[in-house]
Amino acid sequence: MRELSLHILDVVENGITAGAGRIEIRVEESRPADRLSIAVRDNGRGMPPEKAGNPEDPFITSRTTRRVGLGLSLLAAAARRCEGDLSVAAAPGRGTEVRAHFRHSHIDRAPLGDMAGTLSMLILGNPHIDFVYAHTVDGEELTLDTRELIDGGADLRDPGTLRQLERWIRDTLERMHRPPGASGTEESTHAETDD
Amino acid sequence: MPKLTIDDLKRIKEETTKATAVRHGGEVRVKITVHMGTCGIAAGARDVMKSLMEEMAEADRQDIRVVTSGCMGMCSSEPNITVEVLDSEPIVYQHMDANRMRQVFRRHALQGEVQTDFALAKL
């Protein structure tokens, strides 16, 4: 997969298939520590120990439509490629937590990609599931809780509202990733002087 | 610390085009399933879904539901979607992309014309 956000979409879909009602997605980026961590926790039915202990084995799967399960093994490969690792904590009946770590600046680290798209698609396709999303960039945090928004009166089944939500996430993440002190106009000035 | 609140959502909504009425359940006439297994996601299912969301926002139809599901076992034809119009056979479409999704939505979901060029099977 070309983007880490697609891996996240995939791992979350695993949780949904496992019958989860609530899924937490945490992304932590620290450029000073040169680290990027992803954690996805669900309250689904969990996994038997033999699966949780071998997340990188693509030939362990509970599915019946085909005999390979590629999702976690692909994420594990993406993490190992850039001096990172993957771990799975799960127990039958008590949900699953998947954690992946990456070296932020590693040349082989896939870009995070379209996190806003991943989230809005998850919310659109799974209106009965509560999603919590927290994303930290160098200490600054963005948080979102769909249960809170719905209780406050938001209609998250409405595609128009989701489109706005997606835009808000994209703009906020973009701002959080900007180098300290830089604003949009300053960046364009720099581009001109560089030429 | 940015936290998305209900006020943000209301504000950004007001800033844009038309306000959409709150939905009240209602009858579902068309169900569109986007298959989001590892295979589908790797093949581009998220972009298909995104294009579907844009079309839904434009059409503003309350009797169309979008759901996601896992792998159907036909990984080589992903991204797959299934369109079920009330009282007709479900149709599976294969090798979808954003443009094909737009066409299937406008012609099949809205007007009931099955797009046989993209169809994989009748279920």
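Taken over the range B:96-121, the residue count meeting the criterion of being without any contact (Cβ under 8 Å) to a residue 40 or more places away in the chain and of a type in the set (A, V, I, L, M, F, W, C) is 5. Taking the criterion of being among the small types (G, A, S) and either closer than 18 Å to A:S73 by Cα or assigned to a strand (DSSP E or B) (or both), the residues of the range A:1-55 that qualify are A:S5, A:G15, A:A18, A:S30, A:S37, A:A39, A:G46, A:A52, A:G53.
Residues checked against (1) small (G, A, S); (2) closer than 17 Å to A:L6 by Cβ:
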{"residue": "A:A110", "(1), (2)": "yes, yes"}
{"residue": "A:H128", "(1), (2)": "no, no"}
{"residue": "A:F131", "(1), (2)": "no, yes"}
{"residue": "A:A134", "(1), (2)": "yes, no"}
{"residue": "A:D145", "(1), (2)": "no, no"}
{"residue": "A:I150", "(1), (2)": "no, no"}
{"residue": "A:R157", "(1), (2)": "no, no"}
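Of all residues in the range A:2-12, exactly one satisfies the criterion of being out of contact with any Asp or Glu (no Cβ under 7 Å at 6 or more places or on another chain) and surrounded by fewer than 22 Cβ atoms within 10 Å (Cβ to Cβ), namely A:R2.
For the range B:61-82, the candidate set comprises residues that are of a type in the set (V, I, T) and buried (at least 18 other Cβ atoms within 10 Å of the Cβ); within that set, the residue that is farthest from the other protein chains (Cβ to nearest Cβ) is B:T82.
Here B:F105 clears all of (1) within 19 Å of A:E13 (Cβ to Cβ); (2) within 12 Å of another protein chain (Cβ to nearest Cβ); (3) outside any loop (DSSP other than H, G, I, E, B) except the condition numbered (1). Please indicate, with yes or no, whether at least one residue in the range B:112-119 is under 24 Å from A:R2 (Cβ atoms) and among the polar types (S, T, N, Q). For the range B:112-119, residues under 24 Å from A:R2 (Cβ atoms) and among the polar types (S, T, N, Q): absent.
For (1) among the acidic types (D, E); (2) surrounded by 18 or more Cβ atoms within 10 Å (Cβ to Cβ); (3) at pLDDT below 90; (4) in contact with a Leu (Cβ under 9 Å, 6 or more places away or on another chain), each residue gets a yes or a no:
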residue: A:N14; (1), (2), (3), (4): no, yes, yes, yes
residue: A:A20; (1), (2), (3), (4): no, yes, no, no
residue: A:P32; (1), (2), (3), (4): no, no, no, no
residue: A:D42; (1), (2), (3), (4): yes, yes, no, no
residue: A:E50; (1), (2), (3), (4): yes, no, yes, no
residue: A:P55; (1), (2), (3), (4): no, yes, yes, yes
residue: A:E83; (1), (2), (3), (4): yes, no, no, no
residue: A:A90; (1), (2), (3), (4): no, yes, yes, no
residue: A:V98; (1), (2), (3), (4): no, yes, no, yes
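Could you list, in sequence order, all residues of the range A:105-123 that are buried (at least 18 other Cβ atoms within 10 Å of the Cβ), within 16 Å of A:T136 (Cα to Cα) and more than 14 Å from chain B (Cβ to nearest Cβ)? Correct list: empty. Within the range A:144-154, the set of residues being at the interface with chain B (Cβ under 7 Å from one of its Cβ atoms), buried (at least 19 other Cβ atoms within 10 Å of the Cβ) and free of Cβ contacts under 8 Å to residues at least 24 places away in the same chain comprises A:L149, A:A154.
The values are calculated or read from the model by the stated rules, or taken from the named source; none is laboratory data. Everything numeric here is computed off the predicted structure, so don't read it as measured data. With ideal geometry, Cβ positions are generated from the backbone for all residues, glycine too; neighbour counts draw on all protein chains shown.
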